[in-house]
1. Give me a comma-separated list of calculated 3J(HN,Hα) values for the range 6-16, in order, Karplus coefficients 6.51, -1.76, 1.60 applied at θ = phi - 60°, integers in Hz, x for any Gly or Pro.
2. Taking neighbour counts of Cβ atoms within 10 Å as a proxy for exposure, in what order, fewest first, do Arg66, Arg37, Arg19 appear?
3. Would you mind ranking Phe64, Phe112 by Cβ crowding within 10 Å, fewest neighbours first?
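Each value in this text was obtained by applying a stated rule to the coordinates, not by laboratory testing. Just so it is clear, the model here is predicted, and its values are computed rather than measured. All Cβ positions, even for glycine, are placed from backbone atoms using ideal geometry, and neighbour counts span all protein chains on display.
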Amino acid sequence: MYTVQAAPTLAAELTDGQRILATDGRPVLDIYTVDYRDRLDSSPETATAFGAQFRLLTFTVWYFLRALHVAVSARKRAKSPMARLPLVTGFGAALTLLFSVVLTAVAIAVTFGLVAPARFLIARLTPSRSA
């Protein structure tokens, strides 16, 4: 049987120390909580640098082109209606990826201040007041 007791703090970064002891009282394992998030590099999904955003757009376009290629090449082999049903699903997935490409490109443009679609849409949708 093992028991658990509070472990002494060895460094400022280590908090909430717990020590697991064997039945004879010798330490088996010390467990600490470490806040590591500030040590991590930012991932491409959370980075705001142009290179990271461009890489995200490139991968999105690549996924779209691969899905489109697979769906178009399979169209030549499909003859029966049951064989064509997955093609419809594949083209739907490719259209969804195309929408993702457009949405990613707009998000990047808004992030870097190249466009302001919200103001454009508000101006278009707001009825004009004539005196």
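1. 5, 9, x, 7, 8, 8, 5, 6, 8, 10, 6
2. On the way: Arg66 12, Arg37 6, Arg19 16.
Placing the least packed residue first, the sequence is Arg37, Arg66, Arg19.
3. Working: Phe64 20, Phe112 11.
Fewest to most other Cβ atoms nearby, the residues stand as Phe112, Phe64.
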